[in-house]
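Just so it is clear, none of the values below were taken in a lab; they were calculated from the coordinates. It should be emphasised that the depicted structure is a prediction, and the values quoted were computed from it without experimental measurement.
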Amino acid sequence: AVVSTQSTGEMIYLENTVGGKEMVSVQLDMTIYDLPCDFVTLDIQDGHGRYDIDEHATRHPHAASGDQDDHHNVEKIESEEGGCQFKGVIHVRHMKGNFHFTPRGEHHHPNTTIAHRIDLLKFGDEMNWFDRDDEPEGTFNTLGLEDRSSVEGETHDYLLKLVRTEVYDDNTEEDIYPYQYTYTHRHFVGHHKGKPLPPRIFFRLDFSPLTLKYTRVHESVLVFLFRHLALIGGTFAVLKLFYNGAHVAKEGKFQ
């Protein structure tokens, strides 16, 4: 029987086979407060010439789950407050690129605001093996619960540094490959030829050539008991030495 599971960082190694060949899944759940779904798009761009505009399927707040187009992996869900929630999965190449949110139509002007909240932003394989308390320590959802206010015309620019992470389960002998990331954020009002630009939200992706490896180790009941009994025994041994030493010191004081 398994009592507990530990994830231990083992090594960092250089990965030469991924490059721009592999598609990386991006799990996202993000709400843009100020724009209805008809007037904001999710666009994807990379160094191989890809430029996809409006990756989504739209669902209205009171629509049944089967009423939307299931061809797309990202839903645009109109919120009761008039904003737009993007929820689902997109795919990007393992190379420099970006995905961004752009106001369209009557909102494509410098007076638009683009305040937003990020509930989920994860890259790579889902970590279904793990309970929340069992997940290896790391930065897999670093931007989760980010909430940004915004002024008119203000663009938000997130630069993400991503590291591929191999998580190996020694019990099933299976691997998964989520990505850890850190980020920097800047915000500014953009101009072109002296004229202000409409705001956007950019997520710029910079993939590291390194891979960090974790091994998920399972403990049996017997190993768990022996390890903890040894720890308890060691504690009592130290206490015994302490009390014996104190007793000798006390006797020496009275002699």
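Observations, loosely collected:
- Exceedance of the 27 Å cut-off in Cα-Cα distance is limited, within the set Lys76/Lys213; Lys122/Lys213; Lys161/Lys193; Lys87/Lys213; Lys161/Lys213, to Lys76/Lys213; Lys161/Lys193; Lys87/Lys213.
- A viscosity of 1.002 mPa s and a temperature of 20 °C, combined with the Kirkwood radius over C-alpha pairs in the Stokes-Einstein formula, give region 135-180 a diffusion coefficient of 157 µm²/s.
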